[in-house]
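Some notes on the structure that comes next.
The values are calculated or read from the model by the stated rules, or taken from the named source; none is laboratory data. A quick note: this is a predicted structure, and the numbers were derived from the prediction, not measured. Glycine gets a Cβ as well: all are built from the backbone with ideal geometry, and neighbour counts include every protein chain shown. For the accessible areas, the whole protein counts, side chains as well, though only heavy atoms, and no ligand, DNA or RNA atoms are used. Shrake-Rupley method; radii C 1.70, N 1.55, O 1.52, S 1.80 Å.
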Amino acid sequence: MTSIDRYPGVRVTVVMPTYNEAANLPRMAELVLGLRIDGLHLKIVDDSSPDGTGRIAEELAEKYNWDGQYRMSVLHRTEKDGLGRAYVAGMSAALAEGAEYVVQMDADGSHPVEAVPRMLATAIASGVGLVVGSRYVEGGSLDEEWGRHRVLLSRFANRYARTVLGTEIRDITAGFNLWSADTLRDVDLQTLDSAGYSFQVELKFKAVRAGHRAVEIPIRFEERTEGESKMSLATQIESAVMPLRLRLRHRQSRTGR
């Protein structure tokens, strides 16, 4: 693994949305804050979880913010209006606080925390605006517990979005990404329309359209540690429609209509 020691002082914020992740959050916070990245900060964005995730997050922040260190913070939202909205809130806060790089990561344990230093090293060495933790490049993989139906659905969703949008990003639906602050500012997070998981596709598409390069590095995507998936039918429908909307808007902007 590439060492990140030669990049001291780089400010990196991991934005982690939560909803009913009380069973997973303590372990995830320990793993993330155990990474050897001097300027790393963990920002939890909790959508008023009824299982007490927000309270647990505050207790963890108090635990890790000792001796004048600001290593973890919690952003409480009063309504649950989608993963995309939660990410916009968390990313916007991270940029306002001076983050140079922002990492998207799920709280369920499916994304390999140990890949973050490699993603950061790749971004700094190559100067790209986006590093994708990819399941679908050489060396990437999915947990064996994923059923054949889920694997086929995931691969189809990626191929469908890539074809409609004409992008070369193989895992355009990936939720494990590292962004440069400049890329996120150029995209203008407040203009994004997606509320659900299609946020992942929309943000990547607009970043590439704005002229930012993307690099994919292989990861192993694990089954969630605890709890159940929050992918609803409405979210799946939004994910299917969004690429078509993006393609239509892109075509209209090119023709000046």
Practice item. Could you sort 82-89, 184-191 so that the peptide with the highest average Cβ count within 10 Å comes first and the rest follow in order? Key: 82-89, 184-191
Practice item. For 27, 77, 148, write out the residues from largest to smallest accessible area, computed with a 1.4 angstrom probe and no ligands counted. Key: 148, 27, 77
Review point. Roughly how many whole Å is it from the C-alpha centroid of the range 65-97 to that of the range 31-48?
Key: 10
**Study point:** Length released on extending from residue 137 to residue 30, taking residue separation times 0.36 nm less the Cα-Cα span
**Key:** 35.7 nm
Study note, to complete from the structure: For the range 57-155, one quarter of the surface area of the C-alpha convex hull, expressed in nm², comes to 9.2
Exercise for review: Give the shape of the range 111-218 as rounded, prolate or oblate, defined through the alpha-carbon gyration tensor: a ≥ b ≥ c are the square roots of its eigenvalues, a/c under 1.5 means rounded, and otherwise the shape is prolate if a/b is larger than b/c and oblate if not.
Suggested key: oblate
Review point. What does the charge count near residue 203 come to, summing +1 for each Lys or Arg and -1 for each Asp or Glu among other residues with Cβ under 13 Å from its Cβ?
Key: +1
Review point. How big is the accessible area of residue 70 in square angstrom, nearest 10, if you roll a 1.4 angstrom probe over the protein chains?
Key: 130
Review point. Which length gain, in nm to one decimal place, applies between residue 188 and residue 145 when the Cα-Cα distance is subtracted from 0.36 nm times their residue separation?
Key: 11.7 nm
Exercise for review: Work through the residues other than residue 158 whose Cβ is under 14 Å from its Cβ and net out their charges, Lys, Arg +1 and Asp, Glu -1.
Suggested key: +4
Review point. Relative contact order for the range 11-61 using alpha-carbon pairs under 8 Å, separation at least 6, rounded to a whole percent?
Key: 51
Check your understanding: What accessible surface, in Å², does a 1.4 Å probe find on residue 58, ignoring ligands, DNA and RNA and rounding to the nearest 10?
Key -> 80
Check your understanding: Can you give the net charge of the other residues whose Cβ lies under 13 Å from the Cβ of residue 79, counting K and R as +1 and D and E as -1?
Key -> 0
